[in-house]
Amino acid sequence: MPGPKLDRTVAAALATRLNARADFSKFKVGAALEDGNGILHTGCNVENATYGLTICAERVAVFKAISEGAKGFRRVAIVADTDNLTPPCGACRQILWEFCGDVEIILANLQGKTETLQLSTLFPRAFDASFL
Ligand code: THU
């Protein structure tokens with residue numbers, strides 16, 4: 001069973017998913033990122049008629065949080081309406097790694113199915129600033 005912190009993060013991602021602008025794919029995603037002070041930063045996917053300018057829910061959440069000066073990210077919940085729980089795309093894994101480190105990732109769907117894993121499991125041997 002998820003603990004209270006997980007429930008709160010998943011609930012925020014679930015609610016934010018409803019704001020998704022998925023006019024083209026119809027695939028709505030919500031994300032909620034918990035910072036070091038326990039504040040939740042939410043995001044939804046925002047699509048665009050040119051398709052390529054689409055931004056995923058996870059990156060919206062990260063960039064909103066960064067722009068507000070948030071730090072010490074602990075976990076991110078990602079919610080989509082799929083039985084096979086939706087993981088972050090490759091671009092989002094890179095951004096999460098660079099700005100949030102090896103955070104806990106909670107995948108969830110609308111039926112309350114959840115899975116918790118570390119980003120390093122999804123994104124091993126990442127390229128980051130340590131190589132520069
Ligand atoms: N999408 C996300 O927002 N996050 C994911 O983890 C997977 C994909 C969005 C991008 C696009 O708007 C739609 O889902 C279909 O790819």
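Data table
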| quantity | calculated |
| --- | --- |
| Some residue of the stretch 2-13 being surrounded by fewer than 14 Cβ atoms within 10 Å (Cβ to Cβ) and either closer than 15 Å to Thr116 by Cβ or free of Cβ contacts under 8 Å to residues at least 60 places away in the same chain (or both) | yes |
| Residue ID - nearest to Val79 (Cα to Cα), chosen from residues in the stretch 96-124 that are open to solvent by 70 Å² or more (accessible area, probe 1.4 Å) and in a helix (DSSP H, G or I) | Thr121 |
| Residues being crowded, with 20+ Cβ neighbours inside 10 Å and acidic (Asp, Glu) - total across the stretch 26-45 | 1 |
| Tabulated pairs, the stretch 84-107, first farther than 16 Å from Arg125 by Cα and within 14 Å of the ligand (Cβ to nearest atom), second open to solvent by less than 50 Å² (accessible area, probe 1.4 Å) and of a type in the set (Phe, Trp, Tyr), C-beta under 6 angstrom, 6+ apart or interchain | none |
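The values are calculated or read from the model by the stated rules, or taken from the named source; none is laboratory data. Treat the numbers as computed from the prediction; the structure is a model and nothing was measured. Neighbour counts run over all protein chains shown; Cβ positions are idealised from the backbone, glycine included. These area figures cover heavy atoms from the full protein model, side chains too; ligands, DNA and RNA do not enter into them. Shrake-Rupley method; radii C 1.70, N 1.55, O 1.52, S 1.80 Å.
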